[in-house]
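The values are calculated or read from the model by the stated rules, or taken from the named source; none is laboratory data. If you're wondering where the values come from, they're calculated on a predicted model, not measured in any experiment. Counting neighbours? That spans all protein chains shown, and the Cβs are built from the backbone with ideal geometry, glycine included.
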Amino acid sequence: MILLRLPPSLGSLACRRLRASRWVSSVRCMHSDARIDLISTGPEASDRLAEFIASASAPGDAFLLYGEVGAGKSHFSRAFIRAALKEPCLDVPSPTYLLQNTYEDATGRLYHHYDLYRLTDPSSLARLDLPSALAAGTCLIEWPERLGACAPAHPVTLRIACVAGAAEERRLFSLSFPDRDAARWVQVVRALRALGHRVGLDVQDQSGDAQA
């Protein structure tokens, strides 16, 4: 595991680089066919979803994970990284205090796991260096609200919420994929719609009801 740190004095410079880079835009366009809502029936089903998304990911992908404390963002990230590295027992601690942990798979591909919950000083954005991270790897970002205008321009957005009135372990996953490389994500959505129920993922229609 590699931990990346830069001097805090570079914070404003890092944010300017982010704004000037191709990763940042004031417009976030989502392909209408590249979104899906699913309810997982338990932690194992959530793991299967993370594994599936990890298998479809590519260098340059940024996954923004939204959700309240305890929603399951770290659980999803842990399952994603273990699947990506093909190490099911890998220790994947939350980078709450470090802000970032970086992992490398057998091919040299990098996976950057961010937890920005404690990010209160904009100068700390220097530690992230998102353009460089995205240029050579895949990023999972918990609490992306902290990024503000420095968020990546073409993210996969994942919102996780506890299902009201349901068993404690059930979660609603709302996935929206970017127009960039839309064909790949449309295929991912189609595969999830076809296979979700087999692994404990109930696909929801636009009204929020499960599809037959």
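Among V156, V189, V199, which is of a type in the set (V, I, T), in contact with a Phe, Trp or Tyr (Cβ under 9 Å, 6 or more places away or on another chain) and surrounded by 22 or more Cβ atoms within 10 Å (Cβ to Cβ)?
V156
Would you pick out the residues in segment 121-157 that are of a type in the set (S, T, Y) and touching a residue at least 12 places away in the same chain (Cβ under 8 Å)?
S123, S124, T138, T157
Please name all residue pairs, on different chains or six or more residues apart, with Cβ atoms under 6 Å, provided the first residue is in segment 192-212 and is among the basic types (K, R) and the second residue is at pLDDT 60 or above.
R193/V203
Restricted to segment 110-130, and to residues that are in a helix (DSSP H, G or I) and in contact with a Pro (Cβ under 7 Å, 6 or more places away or on another chain), which residue is nearest to R82 (Cα to Cα)?
Only one residue fits best here, namely L130.
Restricting the search to segment 71-114, which residues are closer than 29 Å to V163 by Cβ, hydrophobic (A, V, I, L, M, F, W, C) and within 17 Å of the chain's Cα centre (by Cα)?
The answer is A71, F76, A79, F80, I81, A83, A84, V92.
Look at D91 and say whether it is at pLDDT 95 or above and under 21 Å from W185 (Cβ atoms).
It is false that D91 is at pLDDT 95 or above and under 21 Å from W185 (Cβ atoms).
Kindly check whether there is at least one residue in segment 131-138 that is under 20 Å from A45 (Cα atoms) and among the β-branched types (V, I, T).
no
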